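Trainee: Take this structure first; my questions come after.
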Amino acid sequence: MATVTEGNEQQQQQPEQQTYNSLNRSPYHVKFNDTNRSSSQHQNSTNQDDLSSGSPQGSLSSTEKSGRFVVVKSTEVSDANEADTINNVNPMTENEKVPLQAGPTVDCSLKLNESIYEDRDDRPQTVLDQLYNYKGGIVPNPAEAEKSTGNSQKSANLGTIFGVYLPCVQNIFGVIVFIRLFWLIGIAGALQTLLIVVICSSCTLLTAISMAAIATNGLVPAGGAYFMISRSLGPEFGGAVGILFYLGNTFAASMYIVGAVEIVVKYMCPEKCRLFGDDVEIPMVAFNHYRIYGTILLLLIGTCVLIGIRFVTKIAPISLFAVVISIFSIYAGVIKTSFNPPDLPICLVGSNPSHLIKSNVLNNDIRRYCHSDEWCDEVNKTIPCPLYEYICTKSTSTLCSPDKQIQNVRIEQGVPGLKNWQFSENLFSHYRSEGEIERDIKGDATFEVVAQELTTFLVLVGIYFPSVTGIMAGSNRSGDLRDPSRSIPRGTIAAILTTSFVYLSNVIFLASCVHGALLRDKFGDSINKQLVVSVLAWPTKWVITIGAFCSTVGAALQTLTGAPRLLQAVAKDDLIPILRPLAKSYRGEPMPALFLTLFICECGILIADVDKLTALLSMFFLLCYGFVNLACALQTILKAPSWRPRFRFYHWILSSIGVLLCISIMFIASWYFALIAMLIAIIMYKFIEYKGAEKEWGDGIRGLSMSAARYALYRVDETQPHTKNWRPQLLAFISLGRDDEKETYSIHHSKLFNFLYQLKAGKGFVVAASVLEGDYLDNHQHIEPIRALLKSSLVQAKVQGFAEVLAVKDVEDGISTLIQTEGLGGLRPNTIVLCWPSQWRKDFDGYAAEAFIRTIAVAEARQCTMIVPKNIDNFPDAKEIQDGTIDIWWIIHDGGLLFLIAFLLKRNKVWSRCRIRLYTVTQSEDNSVAMKKDLEQYMYQLRIEAEVNVVEMADQEISAYAYERTLKLEERIKLLKHLKLGGKELQVQAIGFERRTSKVMQRNEYSNPLLYSHIPMETMVNNQHQSQRKSTIDETSDQYHYTFTPSQLEHLKNNVSESSMRKMHSAVRLNEQIKERSRDAKLVLINLPSPPSKQSSLAAYSYMEYVDVLTEGLQRLLLMHGSGREVITIFS
């Protein structure tokens, strides 16, 4: 006995201990426990990659055992996904269970197959046992799957035949093969019917190949096609296709029920089952019967489903038996026709074309009354012959000659048999419109068989396609299979080949045995309401009639059992919030989903027309099959490392052909139903995308997005974007506050996110960034909560963007790093958004002002534009619609940034009602009239509607208020020098804020030399590190004008420099003009002066004071600075 235990082998050698320790370090270790000594010679190993390919959560159910051994996860090893479970990050569904069992003890074992026969209950089942336990492809409820381990282990032993092949065969063979296939042959002809079968079977075969590749790419938990599509194409496609697949199954139940009722009403008891109306053959009368009987049958089937899945599974073998017996009886009847065809006379009148007479016209006695005589002899009396009476008494009849004789009346055999080969006569099509017997030849529905609807090749494809659906029955039972990755491809493909052979052979045999006119008799009116296939069958027609009825009822019962569970699986994935109540179960049954399914099924029954139902449900199945092919093609093309299917006979070209074939059949069958199905899929997709499906399933769409993003980044990185393609890519710095007691963070100025939303019309990306001061190793645990806070704020403001958090020891360095490095390739932020530090005066260290200035300088060096919202808390939110003006104060030419931002804001509903007013400042000696005209022409060429105004500012005496503000600034600078500066720096800072030399601006730049030649424009920054220390100086008096005596004014002049006085005076005068003209404006945009060239706290303090004076009294303000390049152009 070869045994490895944990801690019990004290006598082992050191190498063995090392081997054991290395094994114990693996998260999944194995213990061999075999009483047979010879079994130690077997080489057993576990594939770690196979273990990790499954879903990371859950326990091993019996359905997920390997055919050779059971792998058990030790409780000593921590699960890497336990944190995800605790934090509810990407919660997995029950269908995503990892094939590992976490036992209550550390002792874990791997049992070889040699020991499975020791227990009598685990002995190999016989064929009769498996037939008795056959469930017909019904998907067990998750609650039942989680019952006792012993019971579940016993159920996970289905192989290819009973687990996949027979359920697929049973679900593929449906009502169409019994009540519509012969009619398709008569209308389309043998050749085109064979083509229809080949096209539809090829579609399902290609889908099965794609499904086989997906199913063999790792373990397939319970969930079937929905699980495979959702995990391959993502939650958006998965949810949409899951709903469509559910609707397809539900309407399939409606089709089965209506088909079963049609068999009863039309063929089993056409007289006794009549409730109202004279003739059940009238379509509307028949449809009303279908609705009533269909509703009754739906209630009976719904009651069976309510009893429970155990009761339903007992009926599955009956349905399977009925299908198999019915198919074999058809073949037996065909063979019998070669030597003894059935006696089935039909009455024909005329030739080219022949008119097929209804049997009820001839009193259901064709041999007695099918002749051209006017009078017929009865017992002791003579009566008018019914055929003569129906034909020759009508003046419009063309079958009666002028001498009142019926031409070419004859009796022929409806089933001549194989010995009288009919294939050549049934080779070509006979398409016709409603009321016709042949194309463009009208008939009389009172006595002859005529078409009841328009028939074309496209219509017949849609009618036939449901007869090849049902290929997902095996994959739906993946949880009950011993080896799903082996059984699903083999069983499904074998079932498709088998059913395709049956269909093709039936087409050939029926076209060879049955008269063409009888094949076109859709409801058997010429043979006393009998099914053509039933009269062909052996030993009796009731085998087909009863078998078809049992088959359709059983299929409806199974479909109504599986559809609610599929809907429950979609609801449990929590992709569509409105479906959450449907995830509940009562007594192990999905009751809410079941009642909704019964309601939808009743809506399908009210349609009452099998042909319309087949066309409708074909759309849902085709979309599902198309997405299976798309998933395989996508995974194959992307060549993801996780794409390693064991099934090798696939190719992306085959899957692509499958996708095109599915879409083609959809529009061939019914273009309006195809559009309806696609519209439902699009609505579901966009709804899930809008609600935000927070699921990460490693799907192919994510991989495709990565590949597309990589390609786009390479292309974007090749050249600089043209001016026409420039759009603001926003990097917004968000200030945070921390509650040390609760250890939580909050966002300052949350309305900044609303402003970002209002700028989203630029269609650029947004990055909300925050800098966390401190060492990364000490603060890394706070990064994810802060990022989640930023992300939730973006989502709440409906901003599609990214969140970034950087932990650094110095905030300034962090801001600089983000500005320099954020983005990838050519997709980098080009616009920095930073709120104005409103509390900068209270920071006596000058840190806030200096950090702000430094950030502006970094952005300028990085060639980024800057937007600095001031008084951001006064900005409107998404629901406050503004009605007024947006005023642009254009002081210098900055590349058109102010115009572009104002235009983008007007695209948002908040600012859409506002008008744009443009103000530019000139001196008195400038030609303001010509300047205004040129500006109006320029705005016209930019295609921006704006009211242009030119403001003239004459050179006036410096006001007392300017002296007062300058003096206060000088006094504060001296105070700061006294508090913090040394001798050498004192001398430098005593000069004040140096005048910077500027270039002489041309006339078309319309600059204001009084202010902006001294303070050039540039950028914006954030108060991320604002310490908000309390100040003892009251600043409220700074916003008022003062009156001085001449002596006081002279004293002020002697205490301030002329340079500082001139700059302050320009700022005061411009501020007065702005407040006067834009007092009622909803938003003011103005150029931001450039920062001082010398980076110091005193220079920064002076700069902040000048900007405050310039913007004093404005409630909503955007300070902007361009990057030095044009961002808007007049050219197309």
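Trainee: Whole Å is fine, so just give me how far the alpha carbon centre of region 373-389 lies from that of region 486-546.
Mentor: First find each Cα centre; the distance between them is then 38 Å.
Trainee: Same structure again: Testing the spin-label approximation: label points 7 Å from Cα along Cα→Cβ at residue 1126 and residue 810. State their distance in nm.
Mentor: Taking the two extended label points, one gets 4.0 nm.
Trainee: If you average the alpha carbon positions of region 225-287 and of region 293-356, how far apart do those two centres end up, in angstrom?
Mentor: Cα centroid to Cα centroid, the span is 16 Å.
Trainee: Relative to a virtual label point 7 Å from the Cα of residue 723 in the Cα→beta-carbon direction, which members of region 921-953 show backbone nitrogen distances below 17 Å?
Mentor: Label zone hits: 935-944.
Trainee: Starting from the Cα of residue 397, step 7 Å along the direction of its Cβ; do the same at residue 1115; then give the gap between the two resulting points in nm.
Mentor: 9.2
Trainee: What pairs in 751/1075; 879/1082; 358/522; 272/541; 584/791 have C-alpha atoms more than 21 Å from each other?
Mentor: The answer is 751/1075; 584/791.
Trainee: Let me ask another. At what distance in nm do the modelled label points of residue 778 and residue 739 sit from each other, each positioned 7 Å from its Cα along Cα→Cβ?
Mentor: It works out to 2.4 nm between the two label points.
Trainee: By counting other Cβ atoms within 10 Å of each Cβ, how are 369, 256 ranked from fewest to most?
Mentor: Numbers: 369 19, 256 28.
Ordered from fewest to most neighbouring Cβ atoms within 10 Å, 369, 256 come out as 369, 256.
Trainee: Excluding residue 765 itself, calculate the net charge of residues whose Cβ lies under 13 Å from the Cβ of residue 765, where each Lys or Arg counts +1 and each Asp or Glu counts -1. Display every interim value, and only then the final one.
Mentor: On the way: positive: 727, 760, 763, 828; negative: 804, 822.
Surrounding charge for residue 765 is +2.
Trainee: Order these by the 10 Å Cβ neighbour count, fewest first: 780, 749. Mind showing how you got there, number by number?
Mentor: Details: 780 13, 749 19.
With the sparsest Cβ surroundings first, the list reads 780, 749.
Trainee: Listed here are the pairs 639/798; 686/742; 572/798; 763/809; 870/932; which of them are more than 32 Å apart at the Cα? Let's see the in-between values first.
Mentor: Details: 639/798 34 Å; 686/742 38 Å; 572/798 26 Å; 763/809 34 Å; 870/932 29 Å.
Beyond 32 Å between Cα atoms: 639/798; 686/742; 763/809.
Trainee: Sorting check: for 370-383, 1106-1119, which peptide has the highest mean count of neighbouring beta carbons within 10 Å, and how do the rest follow?
Mentor: Working: 370-383: 12.4, 1106-1119: 20.8.
Per-residue Cβ counts within 10 Å, averaged per peptide and sorted highest first, yield 1106-1119, 370-383.
Trainee: How high is the FRET efficiency from residue 798 to residue 945, r the C-beta distance, R0 41 Å, rounded to 0.05? Walk me through the numbers before you get to the answer.
Mentor: Numbers: r = 27 Å, r/R0 = 0.66.
The computed FRET efficiency comes out at 0.95.
Trainee: Also, I was wondering about something else. Output the peptides 881-888, 240-247 sorted from most to least packed, where packing is the average of other Cβ atoms within 10 Å over each peptide's residues. Can you show the working numbers first?
Mentor: Working: 881-888: 19.0, 240-247: 26.5.
Ranking, from highest mean packing down: 240-247, 881-888.
Trainee: Full-extension gain between residue 821 and residue 377, please, as 0.36 nm times their residue separation minus the C-alpha to C-alpha distance. Please list the in-between numbers first.
Mentor: Working: separation 444, 0.36 × 444 = 159.84 nm, distance 10.56 nm.
Taking residue 821 through residue 377 to full extension adds about 149.3 nm, to one decimal.
Trainee: Next question. Work from the charge dipole of region 345-413 (Cβ charges, +1 for Lys and Arg, -1 for Asp and Glu, about the Cα centre) and give the residue of 408, 359, 393 farthest towards its positive end.
Mentor: Result: 359.
Trainee: For region 1068-1093 and region 432-460, compute the distance between their C-alpha centroids and round to whole Å.
Mentor: One Cα centre to the other: 82 Å.
Trainee: Evaluate E = 1/(1 + (r/R0)^6) for residue 646 and residue 325, where r is the Cβ-Cβ distance and R0 equals 45 Å; express this FRET efficiency to the nearest 0.05.
Mentor: Values: r = 36 Å, r/R0 = 0.81.
For residue 646 and residue 325, the calculated efficiency is 0.80.
Trainee: May I ask you to compute the full-extension gain from residue 410 to residue 1093, defined as 0.36 nm times their residue separation minus their alpha-carbon distance, rounded to one decimal in nm? Before the final figure, lay out the partial values.
Mentor: Details: separation 683, 0.36 × 683 = 245.88 nm, distance 11.17 nm.
Full extension from residue 410 to residue 1093 adds 234.7 nm.
Trainee: Quick one: 509, 423, 182, 321, fewest Cβ neighbours within 10 Å first, how do they rank?
Mentor: Numbers: 509 20, 423 14, 182 26, 321 17.
Placing the least packed residue first, the sequence is 423, 321, 509, 182.
Trainee: Still on this structure: At 0.36 nm per residue, and after removing the present C-alpha to C-alpha distance, how many nm does the segment from residue 924 to residue 881 gain when stretched out fully? Present the calculation step by step, with values, prior to reporting the outcome.
Mentor: On the way: separation 43, 0.36 × 43 = 15.48 nm, distance 3.87 nm.
Answer, rounded to one decimal: 11.6 nm.
Trainee: Please sort 1080-1091, 296-307, 655-666 by packing, taking for each peptide the average over its residues of neighbouring beta carbons within 10 angstrom, highest first.
Mentor: On the way: 1080-1091: 23.3, 296-307: 16.4, 655-666: 20.8.
With the highest mean Cβ count within 10 Å placed first, the list reads 1080-1091, 655-666, 296-307.
Read the figures in this text as sums done on the coordinates, not as results from a lab. Small disclaimer: the values here were computed from a predicted structure and weren't measured. Virtual Cβ from ideal backbone geometry, glycine too; neighbours counted across all protein chains shown.
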